1. Report, in deg cm²/dmol and to the nearest 500, the calculated mean residue ellipticity at 222 nm for the chain, where each DSSP H run with n ≥ 4 adds -39500 (n - 2.57) and the sum is divided by the residue count.
2. Tell me, what HN-Hα J-couplings in whole Hz come from the Karplus equation 6.51 cos²θ - 1.76 cosθ + 1.60 at θ = phi - 60° for each residue of segment 131-140, using x for Gly and Pro?
3. Ranked from highest to lowest mean number of other Cβ atoms within 10 Å per residue, what is the order of the peptides 137-143, 110-116?
4. With the full set of protein chains in place, find how many percent of the accessible area of the chain is carbon and sulfur; take the probe as 1.4 Å.
5. Choose one answer from Gly188, Gly274, Gly169: the residue with the largest mean-square fluctuation in a GNM of the chain with alpha-carbon springs under 10 Å.
6. Quick check for you: with a 1.4 Å probe and neighbouring chains kept, what is the accessible area per residue of segment 1-110, in Å²?
7. How long are the semi-axes of the ellipsoid equivalent to the chain, from square roots of 5 times the Cα gyration tensor eigenvalues, in whole Å, largest first?
8. What is the set of long-range amide H partners of Ser54 at a cut-off below 5 Å, with H atoms built 1.01 Å from backbone N?
Amino acid sequence: MNLDGVMLAREIMSSANVASNVIIFLFGTLFGSFVNVCIARLPVGKSIVWPGSSCGACGVPLPGWQNVPVLAYLLLRGRCWFCRTPFSRRYLLMELLVGALATALWVHADGPRAEFFYYFTFACLLVIVFFVDLDAWIILDEVNYFGVVAGMLGAAALPPRYLMLHDMGLPVPGWPPWLLNVLWSALGALVGYAFFLAIAVIGSALARQEAMGRGDVKFAAMIGAFLGPQQGMTALLLSFPLGALVAVPLLLVRGKGGKTPVPFGTFMAVAAFGMVIYGARIMRWLDPLAYPFDVPGY
Ligand SMILES: [Zn+2]
């Protein structure tokens, strides 16, 4: 259950699994097209369920078949059927990306288990946060709140995630596993929120300007809810070196008066997804003594 990257690639390619992986990829592209709708409409306050998609240039509503992910784009050669205006290539890339994430998680979760649906929901939210933050420099409250609630409630369906408390010799109350999972997830949200709130308050005082947006603080709670306190905190900590790795060279090249060229939420999203796939490995690498076993849960 804790596959690394090479094994993951081998599993995806192995012939016995190709058919189910293709189906899951297509399932992912459907959600990719919904993620597109969310990225385009949520920041401007439009409904994500109604009306259906229409051409951005001529406004003609797209007929049903033109909503088929990937295939419609290829058949239409990336242009509006009516006015021939090219669609952004990002729609296609987003569908392919979410399809690929779905396939990776499917293989990782070893089939239709609760973990797959849980982490696929998380992945879709991360993609939305990543692109909205990149485009508009905001992380939307509705996405964060939905994420915190989904992360906590969904944890009830997972296998026990708090078993490391046993390993560490800490007392675990004799409550049902689903309840402990939800509480563990709530603890993750609280710890993530408190950690980033502290950075926001202290950082702003030191820098005498807003060091971290309130959206980032709520997003940290969402990441904590989905990953739990330990992996959540690790993902949040890793987002800083990841951000530095990307932002420092960009700053040197562009030299924009000390302003970060890329919003921080994008790094948090990448670190969080990395933790979903490589969590066990990263935790063991960081602290081999505390993690002699596979990290339970995922
Ligand atoms: Zn058109």
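The values are calculated or read from the model by the stated rules, or taken from the named source; none is laboratory data. What you see is a predicted model; the values in this text were computed from it and never measured. FYI the Cβ positions are ideal-geometry reconstructions off the backbone, even for glycines, and counts take in every protein chain you see. Ligands, DNA and RNA are stripped out before the accessible areas are found, and what is left, the full protein with its side chains, is counted by its heavy atoms. Shrake-Rupley method; radii C 1.70, N 1.55, O 1.52, S 1.80 Å.
1. So the calculated ellipticity at 222 nm is -22500 deg cm²/dmol.
2. Result, ordered by residue: 7, 5, 5, 5, 6, 10, 6, 9, 10, 6 Hz.
3. 137-143, 110-116
4. For the chain, the apolar C and S fraction of the accessible surface comes to 69 percent.
5. Among Gly188, Gly274, Gly169, the largest GNM mean-square fluctuation belongs to Gly169.
6. Computed with neighbouring chains in place, this is 58 Å² per residue.
7. They are 33, 26, 18 Å, listed largest first.
8. For Ser54, whose amide H was placed from the backbone, the distant partners under 5 Å are Leu62.
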